[in-house]
Amino acid sequence: MKKLIETLKNIWKIEDLRQRILITMLFVAIYRFGSFVVLPGINPALLDKLQSQTAGGLMSLLDMFSGGAFSNASIFALGIMPYISASIVMQLLAVAVPYFQKMQREGESGRKKIMTYTRYLTVAILLFQAPSYLINLKMQAGAALAPGISWSVFVFPATIILAAGSMFILWLGERITDKGIGNGISLIIMIGIIARLPQAFIQEVTSRFTAITGGGLVMFLVEIIILYLVVCAAIVLVQGVRKVPVQYAKRVVGNQQVGGARQYIPLKLFAANVMPIIFAQALMFIPLAFVQYAAPENASWFVRSMLDHHSWMYNIIFAFLIIAFTYFYTAITLNPTQMAEDMKRNNGFIPGIKPGKPTADFIDEVMSRITLPGSLFIAFIAIMPALAGLLNVQDAFSQFFGGTSLLILVGVVLDTLQQIESHLLMRHYDGLLNSGRIHGRNMSAY
């Protein structure tokens, strides 16, 4: 406790870090406030059916990612997921289409162009998803619209408001990244998830001491132990790293010999961090668009299975997508050829491996070997909520036993703490942990 207090004092002493944390808290507060601002013309007291619809199934996940804004008919109801969907499409294009491949190789200017195209595509997706959301709102809470306003008149301004709300969330996320602490988009998703934790916890405690699920204190303690073990496993996975030794040969600069040091390339078990889970989850929301958020009983067996995140079909496809996106995202973020060229240019080499292409092949082989068990493990954690359901864990609380919720929480928290620790160490203060540095998404932490 004494060290924690001392660390908080050190954080407050660093003006830049203090400002970044306060700015982040301000933007997060704005986001949470907007989640409760209802669309103009909608009576929030008449949204009971909509909130019941989002209490379970895949709709509950969609509501969780929006921080409850979906069930509140808020101006932020569509959340950040349209931008995530657009990012998936653009990253696929960057791999398959030569025009976007060339753009990606242009460095910072190319990245800005891709970001511009991503924003345009996000708007296009929003203009499709907003009317779909309003159709569902009409079916579930048609009486909530104020008297004297027809739905045909309401749809157009409401679509503009919903699209503007999501783009404003995107703007908030980018400002958090630039002016605050942590990755803004990931942080916003995490805040939406963690906002539901207190209510889910209370519901689970209540259910364990009633006739609904039973089990009492013993089963509840078993749940907490399992949850603790899963969280520890997720932390180990996110922080797991294999170090490849690199020897830098001595070279002469002026009249002095420099180099000769032995360094390491940190290759993480889960180098892609939380992005594969976010991408996979975004794709799993696609069936909702086919049924227009309503009347799932009229859909085919396959679509109904995809709307139930406890079904075996949903979890098999979800796990497969996570594994595939882990390999895909690792491949586009880590370039073995570029790493081998950088080492060769700096007179570095891996002991026992020739410089150039053999080094690139060796790094690629190591990455393939450690990515497979990492992706399988992360896929297993992702389907843990379905397994928790077999123990009669309440649906809302089971999401924190694994799945997208837990992995995002662990990844984003570690990433944010790593950035805070970097500020502390840069100014010669003690880090957040005595046992070593926190390993987040940023490779500079190693």
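The values are calculated or read from the model by the stated rules, or taken from the named source; none is laboratory data. Values in this document were obtained by computation on a predicted structure and should not be read as measured data. Here the Cβ is made from the backbone with ideal geometry for all residues, glycine too, and neighbour counts use every protein chain on show. Keep in mind that these areas ignore ligands, DNA and RNA; they rest on the heavy atoms of the full protein, side chains included. Shrake-Rupley method; radii C 1.70, N 1.55, O 1.52, S 1.80 Å.
Among the residues of the stretch 138-172, how many are more than 14 Å from Phe76 (Cβ to Cβ) and in contact (Cβ under 8 Å) with a residue 60 or more places away in the chain?
Qualifying residue count, the stretch 138-172: 10.
Restricting the search to the stretch 94-109, which residues are under 15 Å from Phe328 (Cβ atoms), open to solvent by 60 Å² or more (accessible area, probe 1.4 Å) and not polar (S, T, N, Q)?
Val95, Ala96
Filter the stretch 26-43 for residues that are assigned to a helix (DSSP H, G or I) and either over 20 Å from Met64 (Cα atoms) or acidic (Asp, Glu) (or both) and give the result.
Leu26
Where in the stretch 298-351 are there helices (runs of 4 or more DSSP H), lying fully within it, with 1 or more residues that are over 30 Å from Phe362 (Cβ atoms) and of a type in the set (Val, Ile, Thr)? Let's see the steps before the verdict.
Values: elements: 301-306, 312-333, 336-345.
Because the criterion is at least 1 residues that are over 30 Å from Phe362 (Cβ atoms) and of a type in the set (Val, Ile, Thr), the helices (runs of 4 or more DSSP H) in the stretch 298-351 that meet it are 301-306, 312-333.
Could you list, in sequence order, the residues of the stretch 384-402 that are free of Cβ contacts under 8 Å to residues at least 24 places away in the same chain, in a helix (DSSP H, G or I) and among the hydrophobic types (A, V, I, L, M, F, W, C)?
Our first condition is that a residue be free of Cβ contacts under 8 Å to residues at least 24 places away in the same chain; within the stretch 384-402, this holds for 387, 390, 398.
In the following step, the residues that additionally are in a helix (DSSP H, G or I) were identified as 387, 398.
Passing the criteria: only Leu387.
Assess whether Pro131 counts as being part of a loop (DSSP other than H, G, I, E, B) and over 21 Å from the mean Cα position of the chain (by Cα).
Working: part of a loop (DSSP other than H, G, I, E, B): no; over 21 Å from the mean Cα position of the chain (by Cα): yes.
No; evaluated as a whole, the condition is false for this residue.
Scan Thr54, Thr24 and give me the residue that is touching a residue at least 60 places away in the same chain (Cβ under 8 Å), within 21 Å of the chain's Cα centre (by Cα) and open to solvent by less than 40 Å² (accessible area, probe 1.4 Å).
Details: Thr54 fails: touching a residue at least 60 places away in the same chain (Cβ under 8 Å).
Answer to the check: Thr24.
All but one of (1) of a type in the set (Val, Ile, Thr); (2) open to solvent by 20 Å² or more (accessible area, probe 1.4 Å); (3) in a helix (DSSP H, G or I) hold for Ile149, so report the exception by its number.
It fails just one condition, (3).
Out of everything in the stretch 211-226 that is modelled with pLDDT under 75 and on the phi < 0 side of the Ramachandran plot, what residue ends up being most open to solvent (accessible area, probe 1.4 Å)?
Pass one, the stretch 211-226, residues modelled with pLDDT under 75: 211-216.
Checking the rest, the ones that are also on the phi < 0 side of the Ramachandran plot come to 211-213.
On the way: Ala211: 105, Ile212: 133, Thr213: 32 Å².
Here the residue is Ile212.
Across the stretch 306-365, what is the number of residues that are within 24 Å of Ile286 (Cα to Cα) and touching a strand residue (DSSP E or B) at 6+ places or on another chain (Cβ under 6 Å)?
Number satisfying all stated conditions: 0.
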